[in-house]
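> This is the structure, below, for whatever I ask next.
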Amino acid sequence: MGMESRLAPGERSVLTLHPHWKILLWPALLLVVVIVAAVALLIVIPPGREAGPGRIAVGVVALILAVAACGVPFLRWQTTTYQLTTRRLQLRRGILTRSGRDFPLIRISDVSFSQGPIDRLVGSGRLVVESAGEHGQLVLNEIPDVQRVQSTLFQLVEDEHQRLAREEQ
């Protein structure tokens, strides 16, 4: 989706991820609550000509709450990406404005993960990337299939070290 064109020559994308879908559970639950409340209010408002503005107001407020409760978190989830390439770990986020960070694999010194009981059930977790430099540690929460991501990242770091060692010879 356009990410390949932004890569350096000789670099290829290995993994592109969004945060785990479980972060959308609370917004989805809130959306259900908004819909149920709106329907209950529409049932309570008596029918008739005078009820028109009240029904429209309920619909408008429900729509605004639905967008705020579910639409914005979904867009935030959709526009947050973690891309792992053969040379770097890229982080991109933002709905209206974008921000990003790139971590060269050669600067990564350690990669670890942790999972709580719920994380293990749904297949997500926290990825901790240690790097040399001013930022030191990067903690990424809600990473899907975190064990696979950790092992892939670790292998890519090793491969990058070997590639650079071959180039120096």
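> Using +1 on the beta carbon of Lys and Arg, -1 on that of Asp and Glu, and nothing else charged, what's the dipole of the chain about the Cα centre, debye to 20?
Values: 18 positive and 15 negative charges, 121 e Å.
Here the size comes out at about 580 debye.
> Given 5 Å bins starting at zero, what is the percent of C-alpha pairs of the stretch 76-167 in each, up to the one with the largest pair distance?
Reading upward from the zero bin: 3, 13, 22, 23, 19, 12, 5, 2, 0.
> By count of other Cβ within 10 Å, fewest leading, how are T81, T97 ordered? Provide the component values of the computation, followed by the final result.
Numbers: T81 16, T97 6.
With the fewest neighbours first, T81, T97 line up as T97, T81.
> I would also like to ask the following. Within the stretch 106-165, report the GluC sites (Glu not before Pro) that DSSP leaves as loop and that have at most 11 other Cβ atoms within 10 Å. Please list the in-between numbers first.
Details: sites: E130, E134, E142, E158, E160; in loops: E134.
Listed in order of number, the matching sites are E134.
> Over all directions, average the projected area of the Cα convex hull of the stretch 14-169 and note it in nm².
Numbers: hull surface 48.6 nm².
Hull-based average projected area comes out at 12.2 nm².
> On average over all directions, what projected area in square nanometres does the stretch 20-59 have, based on the convex hull of its Cα atoms?
Details: hull surface 11.6 nm².
Value for the stretch 20-59: 2.9 nm².
> Let me ask something else about it. Using just the alpha carbons, could you tell me how many Å³ per residue the convex hull of the stretch 1-98 encloses?
Values: hull volume 10.1 nm³, N = 98.
Cα-based convex hull of the stretch 1-98, divided per residue, equals 103 Å³.
Values in this text are rule-based calculations from the coordinates and carry no lab data. For clarity, every value in this text was computed on a predicted model and none was experimentally measured. When we count neighbours, we look across all protein chains shown, and the Cβ atoms used for this are built from the backbone with ideal geometry, even at glycine.
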